[in-house]
1. For the Cα atoms of the chain, what angle does the longest principal axis make with the long axis of helix 165-179, in degrees from 0 to 90, nearest 10?
2. For every helix of n ≥ 4 consecutive DSSP H residues, a contribution of -39,500 (n - 2.57) applies; sum these over the chain, divide by its total residues, and give [θ] at 222 nm rounded to the nearest 500 deg cm²/dmol.
3. Between residue 179 and residue 141, with labels modelled 7 Å along Cα→Cβ, what's the label distance in nm to one decimal, could you check?
4. Run the dipole for region 1-85 about the Cα centre, Lys and Arg Cβ at +1, Asp and Glu Cβ at -1, nothing else charged, and hand back the magnitude in debye, nearest 20.
5. With charges only on Cβ, +1 for K and R and -1 for D and E, what is the dipole size of region 38-83 about its Cα centre, in debye, rounded to 20?
6. Report the GluC sites (Glu not before Pro) located in region 56-87 that are in a DSSP loop and have at most 12 other Cβ atoms inside 10 Å of their Cβ, or state none.
7. Which residue fluctuates the most in the chain, going by a Gaussian network model with Cα springs under 10 Å, if the choices are 93, 166, 51?
8. Can you give the local net charge around residue 90? Use residues other than it whose beta-carbon is closer than 14 angstrom to its beta-carbon, Lys and Arg +1, Asp and Glu -1.
Amino acid sequence: MNNAILQKLNADHKNIAKVMYCLRAQIKGFEDPDIEPAIAQIMDILDYISTVPERWHHPVEDIVFKKLLEKSPPHPEQIKAVLREHEDLERLTMELKNAFERVAMDIAVPVAHLYRTATIYLSRQMLHLDAEESVLFPMAEEYLEDSDWTDIEEAAQNIIGAMEDTSRLEYDHLLDSIINFEAG
Ligand SMILES: [Fe+2]
Ligand SMILES: [Fe+2]
């Protein structure tokens, strides 16, 4: 991948995937009644996802994929589905966040239901990354020209500019702490 924007999106995916593996490790504990779920770690993970991918990564992808749609590529339905999925995933993150907040406040939450929702969420996130990496990014590389990328970079400036250095650093630290977390 020679394109700087695609390289950045690909680097984001690597971090998102790492965070998802951490979430998977936490969810596994749900099956064992002797393991206390690490709610603070799960909340950190959901906080990360609702900020880095959802506020900074999806909006840039939206610009790339909408530009790609203008080029009449093959399988436009798949591109549209990925775009719609950003909204679905964002809604699911919010639902999970609410559910885990209730757990954190000791409000009874049906664990089996939560486990199922979290498992579906994980697989949808991973399939989403996979569709982008294996189909959409290569298609963007093939169909978009230099002038398109210049337009995309210009349009993405607002989003990139909105990531202030302080919050970016804060979320880099959060990522480190999520990845380095070890269940007591
Ligand atoms: Fe995406
Ligand atoms: Fe993505």
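None of the figures in this text is laboratory data; all of them are computed from the coordinates on show. Owing to the predicted nature of the structure, the values given are computational and were not obtained by experimental measurement. Cβ placement follows ideal geometry from the backbone for every residue including glycine, while neighbour counts extend to all protein chains displayed.
1. 50
2. The helix contribution divided over the chain gives -25500 deg cm²/dmol.
3. So the two model labels end up 2.3 nm from each other.
4. 580
5. Charge dipole of region 38-83: 240 debye, to the nearest 20.
6. Passing both the DSSP loop test and the Cβ count: 70.
7. 166
8. -3
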